[in-house]
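These notes are about the structure you will find just below.
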Amino acid sequence: MSKPDQYNVEIPSNEVKDSNIKYFTTYTYGCQMNQHDSERLAGQLKSIGYEYTESLEDASFILINTCCVRESAEKKIYGKIGELKNLKVSNPNLIIAIAGCMAQKDKEKLFKKAPHIDLIIGTHNVHQLVEIVKEFEESKDRVLAVWDQAERLAPDVPTIRRGKISAWVPIMYGCNNFCTYCIVPYVRGRERSRPLHDIIEEIHQLGLDGFKEITLLGQNVNSYGNDTKEYGDFADLLKAVDQVETIERVRYMTSHPRDINDKVINTILNSKKICDHFHLPVQSGSDAILKMMNRGYTTDYYRELVRKIRKAIPHASLTTDIIVGFPGESDELFQETLEFLKEIRFDASYTFLYSKRSGTPAATMTDQIPLVVKKERLQKLMDVQNDISLEINQQFTDTVVTVIVEGPSQRDENRLMGRTTTNKIVLWDKQGTEEVGQLANIKITTAQTWILKGKLID
Ligand code: SAH
Ligand code: SF4
Ligand code: F3S
């Protein structure tokens with residue numbers, strides 16, 4: 001079963017909850033932008049008197065923030081919504097809200113599929129939660145709040161953050177790219193950049209609140225500023241963020257390979273705080289498939305981009321996303337992707353089975369690939385990538401890396417976790433002298449495919 005989100009709030013340890021307090025809980029699926037939307041939804045609930053709980057049973061408000069990028073995500077979410085039905089039967093006052101991309105896509109159809117839902121909140125309506133809850137309480141009737149289009153920029157709302165060290169900061173919303181497989185532009189609308197001044201203010205304040213690392217968010221961060229000439233471009237933004245004194249590290253996602261330019265690479269090279277990790281989703285290593293995907297670059301262009309980045313910043317890490325089984329992907333074209341992976345040698349690849357999204361151009365393309373073939377390809381791809389990731393990670397054995405201490409690892413309280421600027425996850429046995437948020441030097445003793453393990457050194 002999926003876990004509830006965890007916010008940076010004190011949860012009372014007593015087992016009996018105060019019956020005068022209304023509690024809420026949230027479950028979030030999908031990308032970091034959605035995770036951040038949940039922080040803004042949770043903040044609004046807190047502002048009208050709800051307290052956070054991790055317990056579904058104690059909650060009188062359950063919010064599910066949804067993703068529809070692949071069918072597998074949707075299935076999981078429908079399963080979760082189904083689980084809530086019994087809770088609603090035993091507690092008719094329970095409010096169940098569905099927000100996010102599935103809400104935006106399916107709108108009132110969700111009420112038909114799951115009549116126990118009370119509120120449907122689209123991606124452009126996140127900032128309206130307080131009004132939506134008020135309307136529901138007054139009318140006692142279901143509320144559908146899904147605008148087809150976004151206001152140019154949604155106003156700021158109270159936010160409660162999930163972590164204490166690392167925070168997400170949206171810099172732009174929406175996507176104009178219309179890659180032929182992707183539903184995101186339909187559910188997140190057109191690109192809108194946030195004012196530079198607001199972004200810098202927020203980051204400065206996050207630093208004062210104790211956050212060390214921020215991640216700038218956008219579907220295609222390199223398009224920052226394209227919709228208005230007021231704020232400069234993404235490189236200008238990076239330069240300004242690099243100068244915010246209260247924070248230590250800056251990450252960003254996601255970069256579109258077509259739009260990242262020399263100015264951005266040089267800005268990162270000359271910056272103090274911008275991490276030397278490039279996540280550049282290539283999606284396929286076949287020119288024919290890239291064209292059908294409408295990605296706007298060729299493999300040769302991508303090779304040249306990687307060469308430039310590695311020349312400028314040799315120790316930078318490079319990760320990617322790959323889709324297998326896009327319509328028309330023959331064995332030969334898939335082989336090109338495998339070869340491309342071996343040639344580029346990414347630190348890690350996030351690999352996905354192509355999922356047909358109705359309404360997108362790829363959904364009606366001929367020559368859809370059978371699921372068994374997609375699964376075989378995915379396995380081959382992962383086998384090749386895992387070997388490469390392990391080989392790259394093994395080069396760190398016996399070296400010393402610097403991480404920001406983020407806290408205990410997910411599985412073991414006595415083990416701490418931190419990340420390098422290149423986004424490698426490092427685990428080590430807690431010595432007791434470490435403090436969350438501080439830098440620590442770790443000597444790597446064991447390298448694995450996805451993580452490095454080591455010992456704290458002075
Ligand atoms: N804006 C980002 C992320 C988009 S969604 C970008 O352009 O990189 C994250 C990843 O999901 C994509 O990079 C892509 O690899 C994958 N994805 C998107 N639509 C998909 C689909 N229909 N089927 C399978 N994977 C998909
Ligand atoms: Fe989807 Fe392409 Fe936009 Fe990324 S750039 S969100 S993959 S349409
Ligand atoms: Fe999913 Fe929406 Fe993000 S579809 S990946 S939650 S933008």
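Given the range 400-458, what strands (runs of 3 or more DSSP E) lie entirely inside it while holding 3 or more residues that are in contact (Cβ under 8 Å) with a residue 40 or more places away in the chain?
Strands (runs of 3 or more DSSP E) meeting the threshold: 400-408, 439-447, 451-457.
This table checks each residue for (1) buried (at least 21 other Cβ atoms within 10 Å of the Cβ); (2) among the aliphatic types (A, V, I, L, M).
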position	(1), (2)
Ala103	yes, yes
Ile117	yes, yes
Glu131	no, no
Leu196	no, yes
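Let's see how each residue does on (1) free of Cβ contacts under 8 Å to residues at least 60 places away in the same chain; (2) within 16 Å of ligand 1 (Cβ to nearest atom); (3) in contact with a Cys (Cβ under 7 Å, 6 or more places away or on another chain); (4) open to solvent by 80 Å² or more (accessible area, probe 1.4 Å):
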| residue | (1), (2), (3), (4) |
| --- | --- |
| Asn294 | no, yes, yes, no |
| Tyr302 | yes, yes, no, no |
| Ile313 | yes, no, no, no |
| Met365 | no, yes, no, no |
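Any idea how many residues of the range 367-377 are touching a residue at least 12 places away in the same chain (Cβ under 8 Å) and either under 10 Å from Phe326 (Cα atoms) or not hydrophobic (A, V, I, L, M, F, W, C) (or both)?
Here is the first cut: in the range 367-377, the residues touching a residue at least 12 places away in the same chain (Cβ under 8 Å) are 367-369, 371, 373-375, 377.
Filter once more, keeping what is either under 10 Å from Phe326 (Cα atoms) or not hydrophobic (A, V, I, L, M, F, W, C) (or both): 367-369, 374-375, 377.
Going through the range 367-377 one residue at a time, the tally reaches 6.
Looking for whichever is within 16 Å of ligand 1 (Cβ to nearest atom) and charged (D, E, K, R) here; the options are Asp37, Asp5, Asp18. Which one fits? Explain how you work it out, then say what you get.
Details: Asp5 fails: within 16 Å of ligand 1 (Cβ to nearest atom); Asp18 fails: within 16 Å of ligand 1 (Cβ to nearest atom).
The conditions single out Asp37.
Given (1) open to solvent by 60 Å² or more (accessible area, probe 1.4 Å); (2) over 15 Å from Val264 (Cβ atoms), identify the lone condition not met by Asn226.
Checking Asn226 against (1) open to solvent by 60 Å² or more (accessible area, probe 1.4 Å); (2) over 15 Å from Val264 (Cβ atoms), the one that fails is (2).
With a cut-off of at least 1 residues that are small (Gly, Ala, Ser) and more than 16 Å from ligand 1 (Cβ to nearest atom), name the strands (runs of 3 or more DSSP E) lying wholly within the range 154-263. Full working, then the answer.
Numbers: elements: 166-170, 213-217, 249-253.
By residue number, 166-170.
Filter the range 315-338 down to residues that are crowded, with 20+ Cβ neighbours inside 10 Å and at positive phi, then give me how many there are.
Going through the range 315-338 one residue at a time, the tally reaches 1.
Among the numbered criteria (1) under 21 Å from Leu144 (Cα atoms); (2) in contact with a Phe, Trp or Tyr (Cβ under 9 Å, 6 or more places away or on another chain); (3) more than 16 Å from ligand 3 (Cβ to nearest atom), which one does Ser55 miss?
With respect to (1) under 21 Å from Leu144 (Cα atoms); (2) in contact with a Phe, Trp or Tyr (Cβ under 9 Å, 6 or more places away or on another chain); (3) more than 16 Å from ligand 3 (Cβ to nearest atom), Ser55 is out only on (1).
Which residue, of Asp198, Asp141, is in the same structural domain as Ser72 (by TED's automatic domain parsing) and either within 16 Å of ligand 3 (Cβ to nearest atom) or of a type outside the set (Phe, Trp, Tyr) (or both)? Give the derivation first.
Values: Asp198 fails: in the same structural domain as Ser72 (by TED's automatic domain parsing).
Residue meeting the stated conditions: Asp141.
So if I check each of Lys88, Lys75, Lys105, Lys80, which one is charged (D, E, K, R), within 16 Å of ligand 2 (Cβ to nearest atom) and closer than 17 Å to Ile117 by Cα?
Details: Lys88 fails: within 16 Å of ligand 2 (Cβ to nearest atom); Lys75 fails: within 16 Å of ligand 2 (Cβ to nearest atom); Lys80 fails: within 16 Å of ligand 2 (Cβ to nearest atom).
Just a single option satisfies the conditions, and that option is Lys105.
For the range 399-418, state whether one or more residues are at pLDDT 95 or above and closer than 28 Å to Phe334 by Cα.
No.
Identify all residues within the range 269-279 that are crowded, with 16+ Cβ neighbours inside 10 Å and out of contact with any Leu (no Cβ under 7 Å at 6 or more places or on another chain); write none if there are none. Reasoning before the result, please.
Pass one, the range 269-279, residues crowded, with 16+ Cβ neighbours inside 10 Å: 271, 273-279.
Result: Lys273, Cys275, Asp276, His277, His279.
A quick yes/no check of all residues on (1) of a type in the set (Ser, Thr, Tyr); (2) within 23 Å of the chain's Cα centre (by Cα):
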position: Val282; (1), (2): no, yes
position: Ala288; (1), (2): no, no
position: Met292; (1), (2): no, no
position: Lys308; (1), (2): no, no
position: Ala312; (1), (2): no, no
position: Thr320; (1), (2): yes, yes
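Of all the strands (runs of 3 or more DSSP E) wholly in the range 22-87, which have at least 3 residues that are in contact with a strand residue (DSSP E or B) (Cβ under 7 Å, 6 or more places away or on another chain), assigned by TED's automatic domain parsing to the domain that holds Leu110 and under 22 Å from Ala167 (Cα atoms)? Steps first, please.
Working: elements: 22-28, 50-52, 61-66.
The qualifying strands (runs of 3 or more DSSP E) are 22-28, 61-66.
Consider Glu131 carefully, then state whether it is charged (D, E, K, R), free of Cβ contacts under 8 Å to residues at least 24 places away in the same chain, more than 16 Å from ligand 3 (Cβ to nearest atom) and not assigned by TED's automatic domain parsing to the domain that holds Tyr186. Walk me through how you get there before you give the answer.
Details: charged (D, E, K, R): yes; free of Cβ contacts under 8 Å to residues at least 24 places away in the same chain: yes; more than 16 Å from ligand 3 (Cβ to nearest atom): yes; not assigned by TED's automatic domain parsing to the domain that holds Tyr186: yes.
Yes.
Of the residues Ser284, Ser317, Ser271, which is more than 24 Å from Thr351 (Cα to Cα) and among the polar types (S, T, N, Q)?
Working: Ser284 fails: more than 24 Å from Thr351 (Cα to Cα); Ser317 fails: more than 24 Å from Thr351 (Cα to Cα).
Exactly one residue qualifies, and that residue is Ser271.
From the list Cys175, Cys182, pick out the single residue that is within 11 Å of ligand 2 (Cβ to nearest atom) and buried (at least 22 other Cβ atoms within 10 Å of the Cβ). Can you show your working first?
Values: Cys182 fails: buried (at least 22 other Cβ atoms within 10 Å of the Cβ).
One residue alone meets the criteria, Cys175.
Restricting the search to the range 245-263, which residues are more than 16 Å from ligand 2 (Cβ to nearest atom) and open to solvent by less than 10 Å² (accessible area, probe 1.4 Å)?
Of everything in the range 245-263, those that are more than 16 Å from ligand 2 (Cβ to nearest atom) and open to solvent by less than 10 Å² (accessible area, probe 1.4 Å) turn out to be Ile247, Val250.
In this structure, is Gly207 more than 27 Å from Pro4 (Cβ to Cβ), surrounded by fewer than 21 Cβ atoms within 10 Å (Cβ to Cβ), modelled with pLDDT of 95 or more and outside the structural domain of Met102 (by TED's automatic domain parsing)?
On the way: more than 27 Å from Pro4 (Cβ to Cβ): yes; surrounded by fewer than 21 Cβ atoms within 10 Å (Cβ to Cβ): yes; modelled with pLDDT of 95 or more: yes; outside the structural domain of Met102 (by TED's automatic domain parsing): yes.
In short, yes.
The values are calculated or read from the model by the stated rules, or taken from the named source; none is laboratory data. Just so it is clear, the model here is predicted, and its values are computed rather than measured. FYI the Cβ positions are ideal-geometry reconstructions off the backbone, even for glycines, and counts take in every protein chain you see. These accessible areas exclude ligands, DNA and RNA; they are computed on the full protein's heavy atoms, side chains included. Shrake-Rupley method; radii C 1.70, N 1.55, O 1.52, S 1.80 Å.
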